[in-house]
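The values are calculated or read from the model by the stated rules, or taken from the named source; none is laboratory data. What you are looking at is a predicted structure, and each value in this text was computed from that prediction instead of being measured. Positions of Cβ are generated from backbone atoms using ideal geometry, with glycine treated the same way; all protein chains shown enter the neighbour counts. Accessible surface is based on the protein model in full, side chains and every heavy atom, while ligands, DNA and RNA are left aside. Shrake-Rupley method; radii C 1.70, N 1.55, O 1.52, S 1.80 Å.
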Amino acid sequence: MAVEISETLTFECETGNYHTFCPISCVAWLYQKIEDSFFLVVGTKTCGYFSQNSLGVMIFAEPRYAMAELEEGDIPAQLNDYGESKRLCIQIIKNRNPSVIIWIGTRTTEIIKMDLEGIAPKLEAEIGVPIVVARANGLDYAFTQGEDTVLAAVTHRCPERKSSVGGQDQPVQDEESQEFFSFLPPNEENVKKTVVGSQKNPPLVLFGSLPSAVAHQPSSELKRQSIQISGWIPTERYNNLPSLGDEVYVCGVNPFLSRTATSLMRRRKCQLIGAPFPIGPDGTRAWIEKICSVFGIEAQGLEKREKKVWDSLENYLDQVRGKSVFFMGDNLLEISLARFLIRCGMTVYEIGIPYMDKRYQAAELYFLQNTCRDMRIPMPRIVEKPDNYNQLQRMYELQPDLVFTGMAHANPLQARGINTRWSIEFTFAQIHGFTNAKEILKLIIRPLKDNNDFKNFDWTNLVRKDNNSLN
């Protein structure tokens, strides 16, 4: 029987809220990535309780972040914000001596219109330590977009790269003259002009926070293709931030960094390489091939490399083929994960996503569309800001084998007989690159296996034992 396949993806937008973690949770992984930083979260006691409990603080750990708790006197601006901020920053410098202090604004600072951006430059000049302001409040941003706001702010602190053409600075391209997101290789002559010294490719900066062990993998893969990386945003040391300018090419490794990409292009005049994201062997290969094509390099050995990874995953794939998935929307990794799972032989009914930037994720969306065609399955529905009540009705109708959801909905859905997986686990798991594809499948197989064990459990025997114990 022939399967009727829709030719295009279906996009919808509902009126739901961001049913996600507060984005100030980005501090949990960023303070570990930027090793000489100190994060100061400016908010109320509620923000402090959230930070203390949700970020997994151990009694033996000394995390480089703290809360600046706003009291009742701060709310009506009766107290001196500058004086209190100065006192806290001096104490931080005395105790920790960081290279940079990053202020994280919360929803409270938004509501009372606290002028963090106005206070920071004056205080920075007085204390002699850089202060970066990022507003990661849950009113405007979803869970992982906290990192996006921090990295977008950090890009303004990267040094300016001097032009190598003619030995002097070249005029910056007008904003309208450069296509916002170019998915075609740039003019070959322009690429040749930007080659510096013995480096074969123009300056390339990757942006997105990955654990050091994971970040090493895309760097090594590009090195195999004779492509050198000029730097990462963020860096482990603040003073090692890469230089940026109109000759620098940038490429993201995570799909939730659209504001950082916008800042790099519009403010720093960098040239963005729009590529699918290196999640799964298919996405990793496409990511590398896109960078190679932009630099006019013919990728070598990627097809064989991808096939080898798929062959090593066969035991995992046997356990997920034919299963169905439903994404409620939480961490903005949904499009990339859905594409990989479809390639694994699964069916994705719906992709809920808190926020969708079609320009930044254009290459990933196109890749998802082609993957559905190759696998001969229907195109999934993509729902931005989904309404949870409507989603629940669709789940009852579709009966998916697995639902990716935020932590708030996991237990209620399980109680209603719907098998779930916390989407936050994919945020903290190592899922990028060729070798980490099995980590994604492990996270998926576990709840499917647990659910089968649950269904096959002999409840009558358990009830008989309970009755005997009561007697």
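Closer than 18 Å to M265 by Cβ, surrounded by 14 or more Cβ atoms within 10 Å (Cβ to Cβ), modelled with pLDDT of 95 or more and not aliphatic (A, V, I, L, M) - does that describe any residue in the range 195-205?
Start the filter on the range 195-205 by keeping residues that are closer than 18 Å to M265 by Cβ, which leaves 202-205.
Pick out the ones that are also surrounded by 14 or more Cβ atoms within 10 Å (Cβ to Cβ) and you get 202-205.
Checking the rest, the ones that are also modelled with pLDDT of 95 or more come to 203-205.
Now drop any that are not not aliphatic (A, V, I, L, M), which leaves 203.
The answer is yes; a qualifying residue exists.
Of the conditions (1) open to solvent by less than 10 Å² (accessible area, probe 1.4 Å); (2) in contact with a helix residue (DSSP H, G or I) (Cβ under 6 Å, 6 or more places away or on another chain); (3) at pLDDT below 95, P234 clears all except one; give me its number.
Here P234 clears every test but (3).
From (1) part of a helix (DSSP H, G or I); (2) modelled with pLDDT under 95; (3) among the charged types (D, E, K, R), pick out the condition that doesn't hold for R285.
(2)
Being in a loop (DSSP other than H, G, I, E, B) and either in contact (Cβ under 8 Å) with a residue 40 or more places away in the chain or open to solvent by less than 10 Å² (accessible area, probe 1.4 Å) (or both) is the requirement here; does P218 meet it? Full working, then the answer.
Numbers: in a loop (DSSP other than H, G, I, E, B): no; either in contact (Cβ under 8 Å) with a residue 40 or more places away in the chain or open to solvent by less than 10 Å² (accessible area, probe 1.4 Å) (or both): yes.
The answer is no for P218.
Quick check: anything in the range 308-320 in a loop (DSSP other than H, G, I, E, B), open to solvent by 10 Å² or more (accessible area, probe 1.4 Å) and touching a residue at least 12 places away in the same chain (Cβ under 8 Å)? Steps first, please.
So the first thing to find is which residues in the range 308-320 are in a loop (DSSP other than H, G, I, E, B), and the list is 313.
In the following step, the residues that additionally are open to solvent by 10 Å² or more (accessible area, probe 1.4 Å) were identified as none.
Among the residues of the range 308-320, not one is in a loop (DSSP other than H, G, I, E, B), open to solvent by 10 Å² or more (accessible area, probe 1.4 Å) and touching a residue at least 12 places away in the same chain (Cβ under 8 Å), which makes the answer no.
Give the residue that is least open to solvent (accessible area, probe 1.4 Å), with candidates limited to residues of the range 327-375 that are among the small types (G, A, S) and touching a Leu at 6+ places or on another chain (Cβ under 7 Å). Quick ask: steps written out before the conclusion?
Of the range 327-375, the ones among the small types (G, A, S) are 329, 336, 338, 345, 352, 362-363.
Then drop every residue that is not touching a Leu at 6+ places or on another chain (Cβ under 7 Å), which leaves 338, 345.
Details: A338: 0, G345: 26 Å².
Filtering the range 327-375 for residues that are among the small types (G, A, S) and touching a Leu at 6+ places or on another chain (Cβ under 7 Å), the one least open to solvent (accessible area, probe 1.4 Å) comes out as A338.
Would you mind finding the one in P386, P400 that is in a loop (DSSP other than H, G, I, E, B), farther than 30 Å from C251 by Cβ and not polar (S, T, N, Q)?
Details: P386 fails: farther than 30 Å from C251 by Cβ.
None of the other options fit; the residue is P400.
Only one of (1) crowded, with 18+ Cβ neighbours inside 10 Å; (2) more than 20 Å from A142 (Cβ to Cβ) is not met by P378, so which one is it?
Answer for P378: the failing condition is (1).
Of everything in the range 261-298, what is small (G, A, S) and either open to solvent by less than 40 Å² (accessible area, probe 1.4 Å) or without any contact (Cβ under 8 Å) to a residue 24 or more places away in the chain (or both)? Give them in sequence order. Reasoning before the result, please.
Initial filter on the range 261-298 (small (G, A, S)): 261, 263, 274-275, 280, 283, 286, 293, 296.
Within the range 261-298, A261, S263, G274, A275, G280, G283, A286 qualify.
Return yes when Y18 is modelled with pLDDT under 85, of a type in the set (F, W, Y) and farther than 20 Å from T149 by Cβ and no when it is not. Write out each step before concluding.
Values: modelled with pLDDT under 85: yes; of a type in the set (F, W, Y): yes; farther than 20 Å from T149 by Cβ: no.
Spelling it out, it is not the case that Y18 is modelled with pLDDT under 85, of a type in the set (F, W, Y) and farther than 20 Å from T149 by Cβ.
Can you name the number of the only condition in (1) open to solvent by 10 Å² or more (accessible area, probe 1.4 Å); (2) at pLDDT 95 or above that P185 fails?
Unmet condition: (2).
Where in the range 105-167 are the helices (runs of 4 or more DSSP H), entirely inside, with at least 3 residues that are on the phi < 0 side of the Ramachandran plot and modelled with pLDDT under 95?
Values: elements: 107-111, 116-127, 145-155.
Answer list for the range 105-167: 107-111, 116-127.
Are any of the residues in the range 389-399 in contact with a Phe, Trp or Tyr (Cβ under 9 Å, 6 or more places away or on another chain) and surrounded by 22 or more Cβ atoms within 10 Å (Cβ to Cβ)?
Narrowing the range 389-399 to residues in contact with a Phe, Trp or Tyr (Cβ under 9 Å, 6 or more places away or on another chain): 391, 394-395, 398.
Retained after the next criterion (residues that are surrounded by 22 or more Cβ atoms within 10 Å (Cβ to Cβ)): 391.
Taking every residue of the range 389-399 in turn, at least one turns out to be in contact with a Phe, Trp or Tyr (Cβ under 9 Å, 6 or more places away or on another chain) and surrounded by 22 or more Cβ atoms within 10 Å (Cβ to Cβ).
Those residues that are assigned to a helix (DSSP H, G or I) and either more than 25 Å from Q32 (Cα to Cα) or polar (S, T, N, Q) (or both), I need them from the range 91-104; list them, please. Don't jump to the end; show me each part of the working.
Let us first name the residues in the range 91-104 that are assigned to a helix (DSSP H, G or I), namely 91-96.
Selection gives Q91, N95.
For residues that are at pLDDT below 80 and β-branched (V, I, T), tally how many sit in the range 59-94.
The qualifying residues number 2.
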